[in-house]
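The values are calculated or read from the model by the stated rules, or taken from the named source; none is laboratory data. Keep in mind that this is a model prediction, so the values were computed, not measured. Here the Cβ is made from the backbone with ideal geometry for all residues, glycine too, and neighbour counts use every protein chain on show. The area values use the complete protein model at the heavy-atom level, side chains included, leaving out ligands, DNA and RNA. Shrake-Rupley method; radii C 1.70, N 1.55, O 1.52, S 1.80 Å.
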Amino acid sequence: MPTTVRRAELTLPAAPLGPPNPLAALRPVERTHTVDEDTRRRLPRDMARQIGYEPLRTVLPVRVLDGYGRARTPTALDTLVLENERLRVTVLPGLGGRVHSLHHKPTGRELLHRNPVLQPAAFGLAGAWFSGGIEWNIGATGHTALACAPLHAAVVTAPDGGPMLRLWEWERLRDLPFQVDLWLPAESDFLHVGVRVRNPHERAAALSWWSNIAVDEDEGTRILAPADEAWHFGCTRSLRRVPVPVSGDRAADRTYPLRSTRSADWFYEIPGDARRWIAALDAGGSGLVQTSTDTLRGRKLFVWGSGRGGRRWQRWLTAPGTGGYAEIQAGIARTQLEHVRLEPEAEISWLEAYGPLDADPALVHGDDWAAARAETEARLAAALPRAAVDAAYRAWLTCADAEPGERLAIGSGWGALEVLRAGHELPGTPFDAATLGPEQAPWQALLETGALPAPRGAEPPGPTLVARHWRDMLETAPAEPLTEYHLGVAQWHAGDLAQAVRSWERGLRLAAPRWPLLRALAVADLTGGHPERAADRYAESFDDLCGGRHDDGGAGAAALAALGREAVEALLAAGRTTGARAVWDRLPPDVRARGRFRLLHVMILVAEDRPEEARAVLDDGIEVADLREGAAVLGELWAEITDDPLPEMYDFRMQGGS
């Protein structure tokens, strides 16, 4: 059959994402991939330099998605299906362009870990993320802020004349447009993926990219890559060079994911002239291989481990009875801790290929690591030679600028706003003015008139644009309270904290409502080490917000929940238990019933010296939908209340064991 691209629907049990958090993301990013200065001094110079290059401070201008729960109902999801006689590829354009399924038709094998549910969890840079498939992690270290966001999609002509699926969007953390082109050459067993990231600005940009592939794991799963060493990153946040596999101890061979009891990353040290590839093969020697042109330098294995906490996380992310998974990844640096420099008005591009692989299991699982690698690479060379990948990349470059044809999905209007502002010419990735929407409207008005429109009623402020060019426009706009609020957010993002505070204080003099500015000043107080003043401002901010109506389930209701949570946490941190209780009691019943707020209630009860009541709430069962990866709060609270063993349902510890 000829290659086709078509629209379809996929119905999955899904938890709704909920509205974005209306509070500007002023608080620092929780960075899990960090190392101390002593460790950095011992690293290769180029790696140390890139680890220190432009780390993300906040996720501004993106808004955090944290309004989801864990109640799943059958939900129809729009999909795009790319198919030839050998492969069927299912893509979720409304969820970051995730490849949900890669089905090999001749063998009937699913090559990816295909999650049977859509369950958001707080693993993404911008909150909501879900596991499974292939995700395109662009921007900064971590799961992309676009994990649950829509991308633009259209059909273009592939290098062989067939159809190619193009996905594109404007990545806002680094302010960069990118595209992902997927096609299936005739009679090919390999999905080809061309990726391009462009920097249209007159300044350099920091960039991270890791293609993240979830693969099924069991006792027989082995991960192979062309390396004898790897950089190990574990729960102690240390980065150290280790042999691959662990020498002299087959039981400790971490190329088998379930032989690790704790979660960890292994970044493979691939020699400079070696072919880039990584494979996940089962006990019979069959599985998935990913390869690329040399620009996609790094390869990584992430495992949850076989410990109780890691298994709990796996169950948390999917449905009962689903098998576990590991992640194999490919990135533009050696490790995920690094960001690379993308020069002004430059671009970076590469080609990836994904397909089935069958190798001799006796060699794949033998004690001779060199023989296992050689067998895998030989089978890859027979199925898809390195020269063929390089040739496919060169052919794709001739199509990378092709204008899209039929539009299959629509992303955000932020790229269109940037094109309107700067007149960027981006062949192949049009950001049409028709995609501009309500979120962009105030900023379009600022661009065209030099002033932000007056706010509509008591609605929370919309998202803030923080790039230097928008900050300059805010500085010259009339100094209305809303403008001062947005200007302060942009200055905060730029690291000018003192000037941000001055802008917010100016805006507060005439503001109505006052709560957005008070909350911003409260965050500044916390950052500056003034918890008492922060508590005062949070309490005042919450009182001001409570003066309006927030029963419509919209942005006002979301702001009430988000501000209430921050206020309770700040008041407890300042030892103001009575104030924390007062805020919690004023929250609507449906908000107090959510897992996160039941957890806050336990914290209040502990602070009130009511351990029996706190234990009763925990015994009743709490599911905190937005629990962060590696969060220890449930275990810590349990230990404060009782000496009893921590129940399995609350054990999310990712450390311990070997």
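What the table shows:
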item: Flag if Trp414 is surrounded by 19 or more Cβ atoms within 10 Å (Cβ to Cβ) and either modelled with pLDDT under 95 or in contact with a strand residue (DSSP E or B) (Cβ under 9 Å, 6 or more places away or on another chain) (or both); result: yes
item: Conditions (1) open to solvent by 40 Å² or more (accessible area, probe 1.4 Å); (2) in contact (Cβ under 8 Å) with a residue 40 or more places away in the chain; (3) touching a Lys or Arg at 6+ places or on another chain (Cβ under 8 Å); (4) more than 23 Å from Gly630 (Cα to Cα); number of the one not met by Arg88; result: (2)
item: Any pair with Cβ under 6 angstrom, 6 or more apart, that starts in the stretch 335-351 at a residue that is of a type in the set (Ser, Thr, Tyr) and ends at one that is surrounded by 19 or more Cβ atoms within 10 Å (Cβ to Cβ); result: Thr335/Trp231; Thr335/Phe267; Ser349/Arg196
item: Qualifying position, being of a type in the set (Phe, Trp, Tyr) and assigned to a helix (DSSP H, G or I), among Phe652, Phe597; result: Phe597
item: Residue match in the stretch 441-451 (condition: free of Cβ contacts under 8 Å to residues at least 40 places away in the same chain and under 20 Å from Leu518 (Cβ atoms)); result: no
item: Search result, residues across the stretch 380-404 that are touching a residue at least 40 places away in the same chain (Cβ under 8 Å), under 24 Å from Gly284 (Cβ atoms) and open to solvent by 50 Å² or more (accessible area, probe 1.4 Å); result: Ala383
item: Strands (runs of 3 or more DSSP E) contained in the stretch 107-173 and holding at least 3 residues touching a strand residue (DSSP E or B) at 6+ places or on another chain (Cβ under 9 Å) and closer than 25 Å to Leu426 by Cβ; result: 134-138, 152-157, 163-171
item: Subset of the stretch 11-52 that is open to solvent by less than 90 Å² (accessible area, probe 1.4 Å), in a loop (DSSP other than H, G, I, E, B) and more than 30 Å from Thr464 (Cα to Cα) - its residue that is modelled with the lowest pLDDT; result: Asp36
item: Cβ pairs under 7 Å, 6+ apart, first in the stretch 534-547 and over 14 Å from Ala524 (Cβ atoms), second open to solvent by 40 Å² or more (accessible area, probe 1.4 Å) and assigned to a helix (DSSP H, G or I); result: Cys546/Arg586
item: Enumeration of residues in the stretch 335-354 that are closer than 25 Å to Phe190 by Cα and touching a Pro at 6+ places or on another chain (Cβ under 9 Å); result: none
item: Among (1) of a type in the set (Asp, Glu); (2) touching a residue at least 40 places away in the same chain (Cβ under 8 Å); (3) under 30 Å from Glu343 (Cα atoms), the one test that Glu217 misses; result: (3)
item: Selected residue (criterion: most open to solvent (accessible area, probe 1.4 Å)) from residues of the stretch 57-79 that are part of a strand (DSSP E or B) and not charged (D, E, K, R); result: Pro74
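To keep it simple, each residue is scored yes or no on (1) over 23 Å from His33 (Cα atoms); (2) open to solvent by 10 Å² or more (accessible area, probe 1.4 Å); (3) modelled with pLDDT under 95.
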{"site": "Gly220", "(1), (2), (3)": "yes, yes, no"}
{"site": "Pro226", "(1), (2), (3)": "yes, no, no"}
{"site": "His232", "(1), (2), (3)": "no, yes, yes"}
{"site": "Cys235", "(1), (2), (3)": "no, yes, yes"}
{"site": "Asp249", "(1), (2), (3)": "yes, yes, yes"}
{"site": "Thr255", "(1), (2), (3)": "no, no, no"}
{"site": "Thr261", "(1), (2), (3)": "no, yes, yes"}
{"site": "Leu281", "(1), (2), (3)": "yes, no, no"}
{"site": "Leu288", "(1), (2), (3)": "yes, no, no"}
